[in-house]
Amino acid sequence: SNIGHAQSAAGVAGIIKMIQAIRHGVLPKTLHVDEPSTKVDWSAGAVELLTERRPWPEVDRPRRAAVSAFGVSGTNAHVIIEQAPATAPEEAAEAATPSVVPWLVSAKTASALRAQAGRLADTTGDFAPVDVAHTLLTSRSLFPERAVVIAEDHEGFDHGLRALASDGPAAELVTGTADVDGKTAFVFPGQGHQWAGMGAQLLEASPVFAAAMAECAQALSAYVDWSLLDVIRQTEDAPGFDRVDVVQPASFAIMVSLARLWQHHGVTPDAVIGHSQGEIAAAHISGALTLDDAARIVTLRSQAIGAHLAGHGGM
């Protein structure tokens with residue numbers, strides 16, 4: 001693709017054009033050519049103008065294209081672009097896609113918020129939910145009037161958006177006015193907030209959460225004779241949450257890993273607070289305790305409660 005350009009942006013346009021051509025496997029039609037140059041012997045060799053778009057030939061090598069820029073001063077630039085190698089199998093890409101996605105909608109007024117929700121409901125049906133979520137969060141300004149639609153599929157998003165557009169309620173919809181100057185606090189609870197299977201689906205769906213849980217499991221393994229991941233997945237031989245020396249370290253690990261997931265997505269606390277094992281998690285997230293120190297405290301403390309203190313007023 002030869003780019004004779006009146007400004008430098010034309011060269012960039014040529015690069016973008018050829019990247020898209022490689023991506024889609026299409027040789028683009030040559031534009032603005034009425035007839036081939038008479039200065040070239042087109043009968044010699046196998047070079048010809050692309051008068052019509054055609055599929056990129058299938059060959060056993062990466063696709064390549066060249067973009068040239070010829071300056072009036074005689075300064076020329078030549079760039080060769082090659083198809084990028086596959087970086088990950090489809091299975092891994094699918095596993096990293098969250099099953100539940102939030103769509104953030106914001107506007108300056110409540111009426112504008114409802115109008116935007118209606119437009120989204122009419123135009124987003126053909127796009128992947130995770131792509132819509134990313135675009136809404138990163139490419140639009142955030143205003144005080146806000147709503148979040150949380151769903152797993154287009155049917156859920158459509159239901160939540162149309163409820164927002166009509167100023168009605170929906171299980172998928174959360175509304176409110178943001179305090180743009182407010183601060184964020186992470187609150188970590190104590191025992192009593194756990195439930196069977198908590199974190200198991202997130203462990204499979206979120207690589208960030210899974211990595212944080214693996215770090216917690218490694219830190220806890222020095223003090224316990226059970227596997228954190230087996231407890232979360234509720235495998236047959238794993239101990240249950242009826243044991244205080246299991247539930248407290250496990251819920252500590254869940255809280256730490258959830259905090260790391262929030263931080264990965266850009267939600268960073270200005271303050272942390274917690275109770276019982278939640279206080280230990282808060283101390284670690286704040287940086288006051290290393291993960292190894294926090295794991296030691298939460299496990300030895302819970303073991304002491306179970307063996308000596310529970311029911312005797314020792315706390």
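Check Gln248, Gln263 and return the single one that is surrounded by 15 or more Cβ atoms within 10 Å (Cβ to Cβ), of a type outside the set (Val, Ile, Thr), without any contact (Cβ under 8 Å) to a residue 60 or more places away in the chain and farther than 15 Å from Gly199 by Cα.
Result of the check over Gln248, Gln263: Gln263.
Among the residues that make up the stretch 169-178, is at least one of them touching a Pro at 6+ places or on another chain (Cβ under 6 Å) and closer than 27 Å to Phe209 by Cβ?
Within the stretch 169-178, one or more residues are touching a Pro at 6+ places or on another chain (Cβ under 6 Å) and closer than 27 Å to Phe209 by Cβ.
Tell me, please, whether a residue that is touching a strand residue (DSSP E or B) at 6+ places or on another chain (Cβ under 6 Å) and either of a type outside the set (S, T, N, Q) or in a helix (DSSP H, G or I) (or both) can be found in the stretch 187-207.
Yes.
Given the residues Ile285, Ile297, which is the only one that is in contact with a Phe, Trp or Tyr (Cβ under 8 Å, 6 or more places away or on another chain), under 30 Å from Lys183 (Cβ atoms) and hydrophobic (A, V, I, L, M, F, W, C)?
After ruling out the rest, the residue left standing is Ile285.
Pick from the stretch 266-299 the residues that are in contact with a strand residue (DSSP E or B) (Cβ under 6 Å, 6 or more places away or on another chain), closer than 20 Å to Ile232 by Cβ and of a type in the set (A, V, I, L, M): which of them is surrounded by the most Cβ atoms within 10 Å (Cβ to Cβ)?
Ala281
Among Arg114, Arg54, Arg63, which is of a type outside the set (S, T, N, Q), modelled with pLDDT of 85 or more, closer than 30 Å to Val130 by Cα and not assigned by TED's automatic domain parsing to the domain that holds Val149?
Among Arg114, Arg54, Arg63, only Arg63 is of a type outside the set (S, T, N, Q), modelled with pLDDT of 85 or more, closer than 30 Å to Val130 by Cα and not assigned by TED's automatic domain parsing to the domain that holds Val149.
Quick check on Phe143: is it in a loop (DSSP other than H, G, I, E, B), farther than 21 Å from Leu261 by Cα and not assigned by TED's automatic domain parsing to the domain that holds Phe252?
yes
Looking at the stretch 177-197 only, could you name the residues that are surrounded by 16 or more Cβ atoms within 10 Å (Cβ to Cβ) and either of a type in the set (A, V, I, L, M, F, W, C) or not assigned by TED's automatic domain parsing to the domain that holds Val267 (or both)?
Phe186, Phe188
Restricting to the stretch 8-37, name every residue that is closer than 13 Å to Ala65 by Cα and outside any helix (DSSP H, G or I).
Of everything in the stretch 8-37, those that are closer than 13 Å to Ala65 by Cα and outside any helix (DSSP H, G or I) turn out to be Gly25, Val26, Leu27, Pro28.
Determine whether Gly278 is of a type in the set (Gly, Ala, Ser), part of a helix (DSSP H, G or I) and either within 28 Å of Val130 (Cβ to Cβ) or touching a residue at least 24 places away in the same chain (Cβ under 8 Å) (or both).
yes
When Asp242 is evaluated against the numbered criteria (1) surrounded by 15 or more Cβ atoms within 10 Å (Cβ to Cβ); (2) within 20 Å of Gly192 (Cβ to Cβ), which criterion, by number, is the only one it fails?
Failing condition for Asp242: (1).
For (1) among the small types (Gly, Ala, Ser); (2) buried (at least 16 other Cβ atoms within 10 Å of the Cβ); (3) under 27 Å from Trp103 (Cα atoms); (4) not assigned by TED's automatic domain parsing to the domain that holds Ile285, each residue gets a yes or a no:
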residue	(1), (2), (3), (4)
Glu172	no, yes, yes, yes
Glu204	no, no, yes, no
Pro207	no, no, yes, no
Ala211	yes, no, yes, no
Ala214	yes, no, no, no
Ser221	yes, no, no, no
Asp225	no, no, no, no
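The values are calculated or read from the model by the stated rules, or taken from the named source; none is laboratory data. Predicted, not measured: the structure shown is a model, and the values here were computed from it. Cβ atoms come from the backbone with ideal geometry, glycine included; neighbour counts cover every protein chain shown.
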